[in-house]
Amino acid sequence: MKKRQHIVRTLQKNWIRDWQLLVLCLLPIIYYIVFHYLPMYGVQIAFKNYVAALGITGSPWVGFRQFERFFNSYQFWPLIRNTLSLSISQLIFGFPIPILLAIMLNQLKQYRFKKFVQTVTYCPHFISIIVLTGMLYIFLSPRSGLVNIILKALGKDSIFFLGDPSWFRPVFVLSGIWQNAGWNAIIYIAALASISPDLYEAAKIDGASKFQIVRHIDIPGIIPTAVMMFILEIGKIMNIGFQKAYLMQNGLNISASEIIPTYIYKIGLIDAQFSYSAAIGLFNNVINILLLVSVNRIAQRTSEHSLW
Amino acid sequence: MKSIFNRNADTIFDIVNISLLVLVTFLVLYPLYFIVIASFSEPDAINTGKVFLFPVGFNTTGYSRIFAEPSIWTAYKNTILYTTFGTCINIILTMSFAYPLSRKEFFARKFLTFFMMFTMYFSGGLIPTYLLMRSLGLYNTPYVMVLLPALNVFNVIIAKTNIKNSIPEELFEAASIDGCSHFTFFFKVVFPLSQTIIAVLVLYYGVAHWNEFMNGLIYLRDESLYPLQLVLRGILIQNQAAADMMGDVESFLEQQRAAELIKYGLIIVSTLPVLLIYPFLQKYFAKGVMMGSVKG
């Protein structure tokens, strides 16, 4: 009884003290409820057979039938394979480049040149995905694209990059690096800047070469940041850019370019199989969370760096 | 002291490092530069690979056709509207959420942080959101373009961290002794002192609105509501609208030539606003990333 009174009193006190803060939060709270939590209520259609006339609540339950259908469909393994190979190749090739770039920039003593390189390499980050894909079509065009003109000048055959499934992943990953490596390097540049200058002083007195400084001071100094970024990347592994894959997709490269997010879009909004699409989406989301939680746990065990 | 061996190693390191960075800069810059010179060049010269460092000929057909096309201007106007109104909503919501979350004593702080972060990891997904937009009557209206992306978790965290670090704890304590409420403090102190972070937010949100095409693709049906990026997609990637834009040109060959120039020109016209403001505000852009990297 006494305890309850105490809680009530604390709440009253908090309320009197903080009600204005709560009022400030009101619109954001409404936003999250309406645009993020209400759709979660709609996730139940993954376990139903959605009929528009009956609505979300009225449609009949079918249990895990939509999921079984997906697991048994002939599309299942190709989709998983395409999605994983695309995001894993992006991780393997895309992840180290910003770190390398940051280390290289950090060793640069020419201030102006450094600023210039930074300005240039951040720039593509602000180009829209449509323009980026449009540029790919222009530069990789088999007839008039610059890349093929160079190939022909070197005496090679021209390659139809965007119509060839085996070129889909390299083009996707390389254009991603072109667009984002500079921007993703910022966080490592910040990490390098926060390394204590004493370490560099000591290394200089000991006569360490630049390469040794990179090897023994720079790299250990950015490992915590790199681990954190790596965890975040793993969390996105099944959620890899729908937009670029969708825009680069065409009938010729579909065998490599159909990934889970593009499939969800097509099944859901073009074929209007709402329940089936929602089930695939939920499956994808759950895998993502499992990945994120387990990688975070591993990182916690093996080192002290983690997200939470 | 450095040995001679290490001094030589350093020279080699510097040479390799600088040449690699020159190469990187060239690889990033050249495609952008090429689009600019190609947009003024003769299409035949581009197709045969004669355009490398300077424009060949001087041809403004691409631009004149772009400027004569009403659907592009409608889309441009739509994007400007979505960007302006969308960013205003973003700033108001983000700041008014970030301030309470930055107050250590706020009793609901932990819960609300979780409430927000949870949406980053779990979401209803495409179809449930789509069905909700339909039942709310937002489908195929301009409101969906400004309301759906009204808050971004990452940006709220940046703003919260910044307010916490830049406005000293004692300031509110001193003000509250003088009878200053949270409202007054927020509007009279936090807002005016947060100009840098607001600049960062305006740029992040603004660029995101400018480049947005997914929401348009999913939630808009009327072409008169399309944002610029969706119209660009038709021309750059699906090759469709370009043919409509030159009914008066006779031969097929002429059409193809003009279509190429229209593509180059459109890339410039649509990206120019972002790329023009970018060099001046670069320091703010980068600052945002640093702020986000501070944990807590």
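The values are calculated or read from the model by the stated rules, or taken from the named source; none is laboratory data. These numbers come from a predicted model, not from an experiment. Neighbour counts are summed over all protein chains in view; Cβ atoms, including those assigned to glycine, are modelled from backbone coordinates with ideal geometry.
Summary of values
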| quantity | calculated |
| --- | --- |
| Verdict on A:V8 being part of a helix (DSSP H, G or I) and touching a residue at least 24 places away in the same chain (Cβ under 8 Å) | no |
| Per-region count, segment B:142-156, residues part of a loop (DSSP other than H, G, I, E, B) and of a type in the set (S, T, N, Q) | 1 |
| Filter result for the condition that a residue is of a type in the set (F, W, Y), in contact (Cβ under 8 Å) with a residue 40 or more places away in the chain, in a helix (DSSP H, G or I) and surrounded by fewer than 21 Cβ atoms within 10 Å (Cβ to Cβ), over B:Y76, B:Y99, B:Y82, B:Y139 | B:Y76 |
| Inter-residue pairs, beta-carbon under 7 Å, first at the interface with chain A (Cβ under 10 Å from one of its Cβ atoms) and in segment B:229-242, second at pLDDT 90 or above and not in a helix (DSSP H, G or I), 6+ apart | B:Q229/A:S128; B:Q229/B:E212; B:Q229/B:F213; B:L230/B:F213; B:R233/B:F213 |
| Counted residues, segment A:188-210 - those being surrounded by fewer than 15 Cβ atoms within 10 Å (Cβ to Cβ) and within 12 Å of chain B (Cβ to nearest Cβ) | 6 |
| Index of the failed condition, A:G182 passing every other in (1) in contact with an Asp or Glu (Cβ under 8 Å, 6 or more places away or on another chain); (2) touching a residue at least 40 places away in the same chain (Cβ under 8 Å) | (1) |
| All helices (runs of 4 or more DSSP H) inside segment A:241-308 with 3 or more residues being facing another protein chain (nearest Cβ under 9 Å) and touching a residue at least 60 places away in the same chain (Cβ under 8 Å) | A:242-248, A:274-302 |
| A:A153, sole failed condition from (1) under 17 Å from the mean Cα position of the chain (by Cα); (2) modelled with pLDDT under 90 | (1) |
| Conditions (1) free of Cβ contacts under 8 Å to residues at least 40 places away in the same chain; (2) more than 12 Å from chain A (Cβ to nearest Cβ): number failed by B:R109 | (2) |
| Search result, residues across segment B:265-281 that are modelled with pLDDT under 75 and within 8 Å of chain A (Cβ to nearest Cβ) | B:P279 |
| Pick from segment A:102-139, criterion outside any helix (DSSP H, G or I) and closer than 18 Å to B:L232 by Cα, ranking: nearest to the other protein chains (Cβ to nearest Cβ) | A:S128 |
| Of the criteria (1) more than 9 Å from chain B (Cβ to nearest Cβ); (2) in a loop (DSSP other than H, G, I, E, B), which one A:I97 fails | (2) |
| Any hit, segment B:59-71, residues being more than 7 Å from chain A (Cβ to nearest Cβ), over 30 Å from B:N215 (Cβ atoms) and free of Cβ contacts under 8 Å to residues at least 24 places away in the same chain | yes |
| Qualifying residue in segment B:30-46 (condition: over 24 Å from the mean Cα position of the chain (by Cα) and at the interface with chain A (Cβ under 7 Å from one of its Cβ atoms)) | yes |
| Condition met for A:L174 (hydrophobic (A, V, I, L, M, F, W, C), in contact with a Lys or Arg (Cβ under 6 Å, 6 or more places away or on another chain) and closer than 18 Å to B:F26 by Cβ) | no |
| Segment B:1-35, subset β-branched (V, I, T) and crowded, with 17+ Cβ neighbours inside 10 Å, residue nearest to B:V269 (Cα to Cα) | B:I35 |
| Residue within segment A:218-225 that is of a type in the set (D, E, K, R) and either away from chain B (no Cβ under 13 Å) or surrounded by fewer than 19 Cβ atoms within 10 Å (Cβ to Cβ) (or both) present | no |
| Any hit, segment B:164-182, residues being closer than 30 Å to B:L220 by Cβ and either within 26 Å of the chain's Cα centre (by Cα) or surrounded by fewer than 15 Cβ atoms within 10 Å (Cβ to Cβ) (or both) | no |
| A:S59, sole failed condition from (1) outside the structural domain of A:I189 (by TED's automatic domain parsing); (2) at pLDDT 90 or above | (2) |
| Residue that is farthest from A:L136 (Cα to Cα), among those in segment B:231-264 that are of a type in the set (D, E, K, R) and at pLDDT 75 or above | B:R257 |
| Scope segment A:208-227; condition in contact (Cβ under 8 Å) with a residue 60 or more places away in the chain and either in contact with a His (Cβ under 6 Å, 6 or more places away or on another chain) or part of a loop (DSSP other than H, G, I, E, B) (or both); matching residues | A:P224, A:V227 |
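Each row is one residue, and each column tells you yes or no for (1) surrounded by 11 or more Cβ atoms within 10 Å (Cβ to Cβ); (2) within 14 Å of chain B (Cβ to nearest Cβ); (3) farther than 24 Å from A:I264 by Cα.
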position	(1), (2), (3)
A:I7	no, yes, yes
A:T10	yes, yes, yes
A:R17	yes, yes, yes
A:V23	yes, yes, yes
A:L54	yes, yes, no
A:G63	no, no, no
A:Y74	no, no, no
